[in-house]
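Engineer: Before we start, here is the structure in question, set down as structure tokens.
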Amino acid sequence: MMLISLILVAPTFAVQLGDPAPEISVASWVRGGPVAESQENKAIILEFWATWCGPCVDSIPHLSSLQAEHASDLQVIGITADADESSALIQRFANRNDMDYHVAMDKESQTWDSYMSALQLDGIPTSFLIDRDGHLVWYGHPSEIDEPLQNVLSPLYDRAQSVASFSLVAMFDPALSEGRYEEAGRIAQQGINATTGTTKSTWIGKLMVAQSQQFGQTDEIVENAERLLQSEVLAETLNIVSWQISNNQQSDQKILASMQELSRRAVAMSEGTNSDYLDTYARILFYSGNIPAAIIAEEEALRQASSKAERQWYKATIKAYKNGTLP
């Protein structure tokens, strides 16, 4: 895959979602080796991070898990632009923290300028998603990349639709986080009307999340849950929606029953091998009062865990469930 450099006359970089991704300029590879053209037909996650950044460190197990899960379709690259951190320091840190993906040092902050500065971003960790054809299609916190990644890797992937959807996400997320739930619902409806396939299902899920924050929306949420089950939908969408809504509506048994169905479908779609989906399913069972079944599901999540951090979390959760409490 050829990553194309942008030639500009202005002192600042310019890149739009949907454009060919800027070049990844590397001073040295600390873990792994050069990946650009040799990784044809692979999507790329490019994450900006630093050793001193706590949230960056917290994201390492998740990124390692994504690399392992999608080894044939994805290349994860962690890149640091911190001139105060030596290659030897980064290598020791990467080995100690099981960074099971490529790790590089930025070349004179050129990659930072091409991506972070170009989009007026300055906080880390920030991940950028590049599709198989080398186009930049998403950016955000690495904890939120699963659904966009599944979309990019789907046979039904539509770049133009995905980019347009991301523009609406940039309006939806602030509305939701700032408590403007009715406005968030209207934006979600725009997304539903403007998209098809799995992207449309993502927006149905977002509408449900907005509804779950409003009083008296039980019937609407249950109806949309059924609509979601009958749609072309990603397992990750089902998992995100069922997790968020069950945590918002812990005592509404009608909603919990619908979320249990969504979560069960996600587990089935992953053939029971995704520990995150099993963890969600266990939590909904716990909220529903079926603690023995919740413990069994969480024990299966532990068996499927791929990292030390995940195993520690699932063990703590099992212990809490056995005591009748949340972790």
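Engineer: For the range 149-156, state whether one or more residues are part of a helix (DSSP H, G or I), surrounded by fewer than 18 Cβ atoms within 10 Å (Cβ to Cβ) and touching a strand residue (DSSP E or B) at 6+ places or on another chain (Cβ under 9 Å).
Structural biologist: yes
Engineer: Please state which one of ARG311, ARG303 is at pLDDT 95 or above, among the basic types (Lys, Arg) and either farther than 23 Å from ASN248 by Cα or assigned to a helix (DSSP H, G or I) (or both).
Structural biologist: Values: ARG311 fails: at pLDDT 95 or above.
Checking each option against the conditions leaves just ARG303.
Engineer: Pick from GLU232, GLU183, GLU236, GLU220: which is outside any helix (DSSP H, G or I) and acidic (Asp, Glu)? Give the steps one after another, and end with the answer.
Structural biologist: Working: GLU183 fails: outside any helix (DSSP H, G or I); GLU236 fails: outside any helix (DSSP H, G or I); GLU220 fails: outside any helix (DSSP H, G or I).
From the options GLU232, GLU183, GLU236, GLU220, the qualifying one is GLU232.
Engineer: SER231 - would you say it is under 22 Å from VAL137 (Cα atoms), at pLDDT 90 or above, outside the structural domain of HIS141 (by TED's automatic domain parsing) and surrounded by 15 or more Cβ atoms within 10 Å (Cβ to Cβ)?
Structural biologist: Working: under 22 Å from VAL137 (Cα atoms): no; at pLDDT 90 or above: yes; outside the structural domain of HIS141 (by TED's automatic domain parsing): yes; surrounded by 15 or more Cβ atoms within 10 Å (Cβ to Cβ): yes.
It is false that SER231 is under 22 Å from VAL137 (Cα atoms), at pLDDT 90 or above, outside the structural domain of HIS141 (by TED's automatic domain parsing) and surrounded by 15 or more Cβ atoms within 10 Å (Cβ to Cβ).
Engineer: Just to check your reading of the model, which residue among LEU89, LEU121 is hydrophobic (A, V, I, L, M, F, W, C), surrounded by fewer than 17 Cβ atoms within 10 Å (Cβ to Cβ) and farther than 24 Å from TRP138 by Cβ?
Structural biologist: On the way: LEU121 fails: farther than 24 Å from TRP138 by Cβ.
Checking each option against the conditions leaves just LEU89.
Engineer: Within the range 111-148, which residues are under 16 Å from the mean Cα position of the chain (by Cα) and within 18 Å of GLU23 (Cβ to Cβ)?
Structural biologist: The initial filter retains those residues of the range 111-148 that are under 16 Å from the mean Cα position of the chain (by Cα), namely 124-131, 136-148.
Matches in the range 111-148: THR126, SER127, PHE128, LEU129, ILE130, ASP131, LEU136, VAL137, TYR139.
Engineer: Now for a different question. Please tell me if VAL30 is buried (at least 22 other Cβ atoms within 10 Å of the Cβ), within 18 Å of LEU136 (Cα to Cα) and of a type in the set (A, V, I, L, M).
Structural biologist: Numbers: buried (at least 22 other Cβ atoms within 10 Å of the Cβ): yes; within 18 Å of LEU136 (Cα to Cα): no; of a type in the set (A, V, I, L, M): yes.
So VAL30 does not fit the description; no.
Engineer: Answer yes if at least one residue in the range 95-115 is assigned to a helix (DSSP H, G or I), in contact (Cβ under 8 Å) with a residue 60 or more places away in the chain and among the aliphatic types (A, V, I, L, M), and no otherwise.
Structural biologist: No, the conditions are met nowhere in the range 95-115.
Engineer: Here's something else I'd like to know. So the check is Cβ under 8 Å with 6+ separation or different chains; which pairs have a first residue in the range 174-191 that's in contact (Cβ under 8 Å) with a residue 12 or more places away in the chain and acidic (Asp, Glu) and a second one that's part of a helix (DSSP H, G or I) and surrounded by fewer than 16 Cβ atoms within 10 Å (Cβ to Cβ)?
Structural biologist: Close Cβ pairs satisfying both conditions: none exist.
Engineer: Looking at (1) hydrophobic (A, V, I, L, M, F, W, C); (2) modelled with pLDDT of 85 or more; (3) surrounded by fewer than 20 Cβ atoms within 10 Å (Cβ to Cβ), which is the only condition ALA14 fails?
Structural biologist: With (1) hydrophobic (A, V, I, L, M, F, W, C); (2) modelled with pLDDT of 85 or more; (3) surrounded by fewer than 20 Cβ atoms within 10 Å (Cβ to Cβ) applied to ALA14, the lone miss is (2).
The values are calculated or read from the model by the stated rules, or taken from the named source; none is laboratory data. Computed from a prediction, not measured in an experiment: that's the story for all the values here. Cβ coordinates were reconstructed from backbone atoms using ideal geometry, including for glycine residues, and neighbour counts include every protein chain displayed.
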